[in-house]
Structure formats: structure tokens, C-alpha cells
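Enquirer: Submitted below is the structure of interest, expressed as C-alpha cells.
What follows is calculated from the coordinates using simple rules that are stated; it is not laboratory data. For clarity, every value in this text was computed on a predicted model and none was experimentally measured. Methodologically, a virtual Cβ is constructed for each residue, glycine included, from the backbone with ideal geometry; neighbour enumeration extends over all protein chains shown.
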Ligand code: SAM
Ligand code: SF4
């Protein structure tokens, strides 16, 4: 499916910086939409169209509480209509916190002398992964500081390790990465190691603010970071995740810039980002950030809803930086992936450390410390369908969210059945009775909602096989 990027985006060149601060502010400051215009834009998104920058600004400038409510409702409807009730689960695994950069919001930054530095050795990595598998995890994101020790060869090595660990019926089926930008050659190496998504957050797209918060190290180069995912695309790594760290600069500017980044990738590579992340700043060891731009809970919900409507085809990731209360609310505005059972302290999954967090060993504070099973339990209570599906990636169907979005019937023929099968595995291998009971009920309901007797029969046959001990069945 081809997009029609806005006029200027067509002039974007691969590898060239593309954020024009004045242009973004011009949209934010000049667009004063009527109520009808806001409704028209919501409707456009509900018809599965990507919004332009101008239209995104229309939603951002809709300040009337009633309109804000309509935007949230629109996002909720779009999510239900396009993606259904599935939520994909994953866990982050921090491999090392050495860092040569000096990002003032991050506990790992080089100038933070209180940080306790550690890189897991291979044995420790295997132990962590075994512990994650014992909890039922199938999808990981490996996270690293930016340091010469964590080059592309090392990252590829840790990816290999992760795919190799088998504990009981456990295995990791998809490894994503959040690490420093690489050269094209580096991206090729990690692609060859079989990664899923490579995430790089711009943190703030506002250059003067970026320069203020990134004092030294490679990351101080705004343009190098901004164009990093172009270098990934250059070598065919087209599964990329973008994000902004909300709280460094005006949230409306960051939302516009995320849409602009999406335009750029579409215009240059014909493929938008696989995921968008929207972390909010949390406390961290020696955090040194001006609170002026911190984002309230209300604005946070609003920005998620606007992003959902603006880029309806991408996955949206909400992490355990947020409290369970916030997560439970905003998940409905279009989130497709959340982490569960998250621990950031290096080595803490294997040590089962869940008492008090030591901020000097962590990048930032985790505010949702629910176990994976508790999260699954609560999703089930909320009539959602927890999923560990990795089928698209493993069958070479890249752009899974895009398929869900653009291929009619894809969700009912692939995503829901796969979610059901991975949940059935979880129930067999890891769930306590109470969770199993709820999960089978949700599975039954979702099977009936398929409205397709043949598909239902096929899924039931596979569930029988899973109950008899087979694993890793997917469509
Ligand atoms: N070192 C790599 C980099 O900077 O790209 C890997 C990413 S870092 C380990 C993961 C992300 O955490 C950062 O990109 C940033 O957006 C986010 N982060 C850093 N400090 C944070 C804080 N205090 N609160 C919330 N998120 C934070
Ligand atoms: Fe290092 Fe990344 Fe933290 Fe910056 S955000 S100090 S690059 S780990």
C-alpha cells in the first residue's frame, strides 16, 4: 500500500536531517480548528487514513474537554476496530549499563559517579533468560548503554545467546534491540543475527533542547541520531522503532515530530516505523532535568490517543515506567504492546530481586512492578487477549502491525488464532489455576467471535495438540 506523503516530505532525502523546527511550530501556532474540523479529522483516521502534519495539529489544538474526549473515544474505537482486543507482552533485559554519553535524564550517564556499572557475562545472560522463560516470556528487548564494549558484534552475540536458551518448554522467539545507533555495517550484523525491531528514540526532536541535555559522547550529535534509522533501512533492516522521551520539551512538538519522522521513513523507504514509543521521564539516579515540560497524566492520555489516530498502522508500546493505574487507563487508546514482570536492575530476573529498587543500579525507576502473571490476570479480567505471538516475524511477514491494519481479515485469520495458541501454551506451562480458568473462558469467547467454524475447528485442533505437549504452532 502506497502512502501519499505531504508535499514537502517527497523532497526528503535518505540520510538527510528532516526536522524543521519553524515548520512544526508554525502548524501548532496557526491552526485553530473548528469543532467540525476536529470531528472530520477523527473520522478520517477512523477510515484508516494516516493523518498529515496539519491534521495532527488540528487534534493537538483541540483543547475543549468535550473534543478531547471525542479524540480519546476515536482512538479507542480505532484500536478496537483495527486491532481488536489483543495485547502483546514482552520483557526488557538490560545487558550492560556502561555508557560513554552524558544524557542528563539517565542514571547510566557517564558523569553519574553513583551509578554501579555492570555488564552481564554470558553465563549471567543465560541465567536471566532462563528466569524470564520460567515466567513464560517469549519476546525480549535487549537494552544496552552506549559503549565501545557494546558494538554490533557484541550485540549480535547476545542475540545469538538469547535465541539459544531453552528451559523446559521455554524459548525466546523474538529479540528486539534498544541500543545506540550503529553504522550501516553494524546494522547489517545485527540484522543477520535475526533481530526483530531495532528501536532508537530521538529523545527530543527539538535541537536546542537536545543539545542542552546531551552534553558529550557520540549521542551529542543530533543529526547522527536523527538519521540513524535511515542507515538501518539502507541495509534492509526495515523493522525499526521510533520514540521520544516526553518531558524534555513541549509534548505537542514531539508528537508532530514523531509524525514527521514517520513521513520521512515513508517518503524515503516506503515503510513507516514498526513501533512508536512514548516514554515519560521517571526519577533516576542524579536526574538533572528541568520540570517545566513534564507531561501530566491527562496530557499523556491525550498524546497517546492523538498518536494512535495520526499513525493508525503502527504498533504502540507502553512500558512499566508508568504506574499500573495509568497503564490500565491509557492502554485502551491504542496501545498494542506492554512489558510485564519488568525488572531493570542488572541480573535481577535470576536473583528474583523485587524488593526495593536500587536506583544507582537502574536506568530509571519502574513504577509498575506487577508480575507477568498478575498483568495477564488483569488483562483477562478486562476482556483483553494477552498474546506472545511472533508468527509474522518468523514467517518473514515483516510489518506485522501494518498487515493487521491493511490486509482485510488478517486479524481473524492470523492474529487472534495465534494469540489464542500462545495463551494456551502459557496456560499449560506457567499459569496458576485461577489464571488458567479465566484464560480458557477468554479463549472460548474469542474463538466464538471469529465467526468462522472452519477456523475455530482448526484452532481447537491445535489447542488439543498444545494440551498434549506440542509447542510453537502458528498461522
Ligand atoms: N543507550 C541507548 C540509547 O540511549 O539509545 C539505549 C537506550 S536507553 C538504555 C533506553 C531509553 O530509556 C532511552 O532512549 C530513553 O528514552 C529512556 N530513558 C532514559 N532515561 C530515562 C528516565 N529517567 N526516565 C524514563 N526513560 C528514560
Ligand atoms: Fe547512555 Fe542511553 Fe542513558 Fe544516554 S540514555 S546515558 S546513551 S544509556
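Enquirer: Given the C-alpha centroids of segment 307-331 and segment 104-176, what is the distance between them in whole angstrom?
Expert: With segment 307-331 and segment 104-176 each reduced to a Cα centre, they are spaced 24 Å.
Enquirer: Using every pair of alpha-carbon atoms in segment 176-227, split the distances into 5 Å bins beginning at 0 and state the percent of pairs per bin, rounded to integers.
Expert: The distribution over segment 176-227 is 5, 19, 28, 20, 14, 10, 4, 1, given as percents.
Enquirer: Using 7 Å Cα-to-Cβ label points, what is the residue 397/residue 63 separation (nm, one decimal)?
Expert: 4.5 nm
Enquirer: Across bins of 10 angstrom width beginning at 0, how are the C-alpha pair distances of segment 380-432 distributed, in whole percent?
Expert: In whole percents, the pair-distance histogram is 24, 50, 23, 4.
Enquirer: Using per-residue counts of other Cβ atoms within 10 Å, averaged over each peptide, order 263-274, 422-433 from highest down.
Expert: On the way: 263-274: 21.3, 422-433: 19.8.
Sorting 263-274, 422-433 by mean packing, highest first, produces 263-274, 422-433.
Enquirer: Additional query: How many percent of the alpha carbon pairs in segment 37-157 exceed a separation of 18 Å? Intermediate values should be presented prior to the final figure.
Expert: Working: 4964 of 7260 pairs.
Here the tail beyond 18 Å accounts for 68 percent of pairs.
Enquirer: Now, a different point. For the chain, what relative contact order do you get, as a whole percent, if you take Cα pairs closer than 8 Å and at least 6 residues apart? Each step should come with its number before you reach the end.
Expert: On the way: 863 pairs, mean separation 94.2, N = 475.
Once normalised by length, the contact order is 20 percent.
Enquirer: Given contacts defined as C-alpha pairs under 8 Å and at least six residues apart, what's the relative contact order of segment 283-426, whole-number percent? The partial results should precede the final answer.
Expert: Numbers: 134 pairs, mean separation 34.2, N = 144.
Answer for segment 283-426 is 24 percent.
Enquirer: Just subtract the alpha-carbon distance of residue 43 and residue 81 from 0.36 nm times their residue separation and send over the number in nm, one decimal. Intermediate results must be reported in sequence, preceding the final value.
Expert: Details: separation 38, 0.36 × 38 = 13.68 nm, distance 1.30 nm.
Gain on stretching residue 43 to residue 81: 12.4 nm.
Enquirer: Work out how much length residue 434 to residue 271 would gain on full extension: take 0.36 nm times their residue separation and subtract the Cα-Cα distance, in nm to one decimal.
Expert: Working: separation 163, 0.36 × 163 = 58.68 nm, distance 4.25 nm.
Between residue 434 and residue 271, full extension yields an extra 54.4 nm.
Enquirer: Between residue 25 and residue 11, what is 0.36 nm times their sequence separation minus the Cα-Cα distance? Round to one decimal in nm.
Expert: 3.1 nm
Enquirer: Neighbouring Cβ atoms within 10 Å as the yardstick, rank 351, 384 fewest first.
Expert: Numbers: 351 14, 384 19.
Ranking 351, 384 by Cβ neighbours within 10 Å, fewest first, gives 351, 384.
Enquirer: Taking 37 °C and 0.692 mPa s as the conditions, I'd like the Stokes-Einstein D for the chain in µm²/s, using the Kirkwood hydrodynamic radius from alpha carbon pairs.
Expert: Numbers: Rh = 22.7 Å.
Translational D for this selection: 145 µm²/s.
Enquirer: Also, quick follow-up: If I take every Cα pair under 8 Å that is 6 or more residues apart in segment 408-467, average their sequence separation and divide by the length, what percent do I get for the relative contact order?
Expert: Details: 27 pairs, mean separation 28.9, N = 60.
Relative contact order here is 48 percent.
Enquirer: Okay, moving on. Of all beta bridges DSSP finds with both residues in the chain, what is the antiparallel percent, to the nearest 5? Present the calculation step by step, with values, prior to reporting the outcome.
Expert: Numbers: 4 of 34 bridges.
Percent antiparallel among DSSP bridges in the chain is about 10.
Enquirer: Another question, if that's okay. Which value in Å does the Kirkwood hydrodynamic radius of segment 348-475 take, with 1/r averaged over all unlike C-alpha pairs and then inverted?
Expert: Values: mean 1/r = 0.0610 Å⁻¹.
Value: 16.4 Å, from the Cα pair sum.
Enquirer: So, one more: In nanometres, what is the gap between the two model label sites at residue 294 and residue 475, each 7 Å from Cα along Cα-to-Cβ?
Expert: 4.7 nm
Enquirer: Continuing with this model, one more query. Hey, with R₀ at 51 Å, roughly what FRET efficiency would residue 35 and residue 111 work out to, going by the Cβ-Cβ distance, to 0.05?
Expert: Working: r = 49 Å, r/R0 = 0.96.
Plugging the Cβ-Cβ distance into 1/(1 + (r/R0)^6) gives 0.55.
Enquirer: How many angstrom lie between the Cα centre of segment 377-456 and the Cα centre of segment 220-243?
Expert: Here the answer is 32 Å between Cα centres.
Enquirer: Another question, then. For segment 246-303, what percent of Cα pairs sit more than 14 Å apart? Write down the numbers at each step before the final one.
Expert: Values: 1012 of 1653 pairs.
Every Cα pair in segment 246-303 considered, those over 14 Å come to 61 percent.
Enquirer: Would any residue of segment 130-173 have its amide N under 17 Å from a label point 7 Å out along Cα→Cβ of residue 123? List them or say none.
Expert: The answer is 130-131, whose backbone nitrogens lie closer than 17 Å to the label point.
Enquirer: Can you sort 407, 259, 165, 442 by how many other beta carbons sit within 10 Å, fewest first? Intermediate results must be reported in sequence, preceding the final value.
Expert: Working: 407 13, 259 25, 165 17, 442 21.
The order, fewest Cβ neighbours first, is 407, 165, 442, 259.
Enquirer: Quick one: divide the alpha-carbon radius of gyration of segment 408-467 by 2.2 N^0.38 Å and tell me what you get.
Expert: On the way: Rg = 11.3 Å, N = 60, 2.2 N^0.38 = 10.4 Å.
Dividing the Cα Rg of segment 408-467 by 2.2 N^0.38 Å gives 1.08.
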